[in-house]
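So the structure is just underneath, and the comments pick up after that.
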Amino acid sequence: MKAPFAKEKVLARGQSPPRKLRSNKRCLLLPELARVHESILSEMMKAAPTKWCYIHFLHGGESVSRVQPSTSAFGCRDWMFAAVITARWADGDIEREHQCMAWLQRSTASLLPHSKGVYGSDLNPDDHHLARHAFGLNAFRLSSLKRQADPLDVLGCACPLLDINQDARSTTRGVVVLFCGRRCSGKDWLASIVATELKYLMDESDERLVTLAGISDETKRAFAEANPPVCAERLISDRAYKEKHRRALGSFYQEKQARDVTYAAECYLRSVQGSDSGSILLLTGMRDGLDYAR
C-alpha cells in the first residue's frame, strides 16, 4: 500500500536539521475553494519566513453540515476544508520566531474574511479577535457558561471565551436585530417572517434560539396593570384592540417619558436583557431613533 503522504523534503542536500523545531498554528474553516483562496494561499507560502512553515488541508465534506450547530459547542458547520497554517522555526532562533509569528498572524488575517470560522482548540489566550469566529452562534452561550463555571479563569490557557462578550452592551445576550420604520410600515409582519425562517434554518426543537419582542411591550403591560380590565397580551398581539387604546396608551407613555428622560432607553435595555441569553432577539417598534441603542 502506498503511503498517503511522502516524506517532507525541506532541507537542502547536505544540510543538517536543527536539533529541535518550535511551532504554532491556526486552523481556518473554508467553504468550497475559489480563485481568491488560491491567490491568498499562494502569496502566504511565498512569504513564509522559513522552509519549515507549511499549510495542509483536511476535507470535511458534507457530513459536517448534517449536524445542527446547537447540538454541540462546535457551531461552525458550513465548511468544506480545514486549512491548517503552521509556522515552524529552529529552537532558540528568536528573530525567526518573531518573523514566523508575524507571518502566521498576517496569513490568518488575510484568509479570515474568506472563511467560515476558525478551530477553537488552536487559539491562544491572546487570540481575542478570533474567539468570536470559533463557535458560531454558540459563542455567547459558551461564554456565559465559562463565567458561571470558571469565573476566576483558572483554565485560562485556552480559547479566551471570557472576552467574547466583554462589551457591557452585550453581556447578557447574543444578537439583537432591530426593525425600524414608520407606524404601520410592516415591522411586526417582517419580524415574524424572519423569526419563522430562522427557527426553521437553525433548530426547530429549541424555541429559545429566536426571540420576538416589541420595544413597547413593557409599556403596554404597565398600562394594562394601571388600567384594569385592559388586557396586556391583546395590546401586544391584537392590532384592532390596540387601536382602541392608542390615545390613552400614548398619553401614558408621554407621562412616563416626562418623569424620566431615560425611560425609552430603559425599555430598550430591559427588552434586550430580558430575552434568553445567547439567542437572537428580533426587536420591533423602533421609531424614536437609535441613539440609546448605540
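Scanning the range 122-157 for residues that are among the small types (Gly, Ala, Ser) and at positive phi yields one hit, GLY136. Every condition in (1) open to solvent by 60 Å² or more (accessible area, probe 1.4 Å); (2) modelled with pLDDT of 85 or more holds for ALA87 except the one numbered (1). Assessment of the range 109-127 against the conditions (touching a helix residue (DSSP H, G or I) at 6+ places or on another chain (Cβ under 8 Å), closer than 19 Å to GLU43 by Cα and among the polar types (S, T, N, Q)) yields at least one matching residue. Looking only at residues in the range 213-242 that are outside any helix (DSSP H, G or I) and of a type in the set (S, T, N, Q), the one that is modelled with the lowest pLDDT is SER216. The set of residues in the range 60-75 being open to solvent by 50 Å² or more (accessible area, probe 1.4 Å), of a type in the set (Val, Ile, Thr) and not in a loop (DSSP other than H, G, I, E, B) consists of THR71 alone. Scanning the range 27-59 for residues that are assigned to a loop (DSSP other than H, G, I, E, B) and surrounded by fewer than 17 Cβ atoms within 10 Å (Cβ to Cβ) gives PRO31, GLU32, LEU33, ALA34, ALA47, LYS51.
Look at the range 1-26 and say how many of its residues are at pLDDT below 60 and surrounded by 10 or more Cβ atoms within 10 Å (Cβ to Cβ). Of the residues in that region, 2 qualify. Restricting the first member to the range 75-100 and to residues that are more than 18 Å from TYR54 (Cβ to Cβ), and the second to residues that are open to solvent by 60 Å² or more (accessible area, probe 1.4 Å), the beta-carbon pairs closer than 7 Å and six or more apart or on different chains are GLY75/LEU137; CYS76/LYS116; ARG77/SER65; ASP78/SER65; ASP78/LYS116; TRP79/LYS116; MET80/GLU32.
The values are calculated or read from the model by the stated rules, or taken from the named source; none is laboratory data. Bear in mind that the values here come from a model prediction, so they are computed numbers and not experimental data. Positions of Cβ are backbone-derived with ideal geometry, glycine not excepted, and every protein chain shown enters the neighbour counts. Quick note on the areas: whole protein, heavy atoms, side chains included, nothing else; ligands and nucleic acids left out. Shrake-Rupley method; radii C 1.70, N 1.55, O 1.52, S 1.80 Å.
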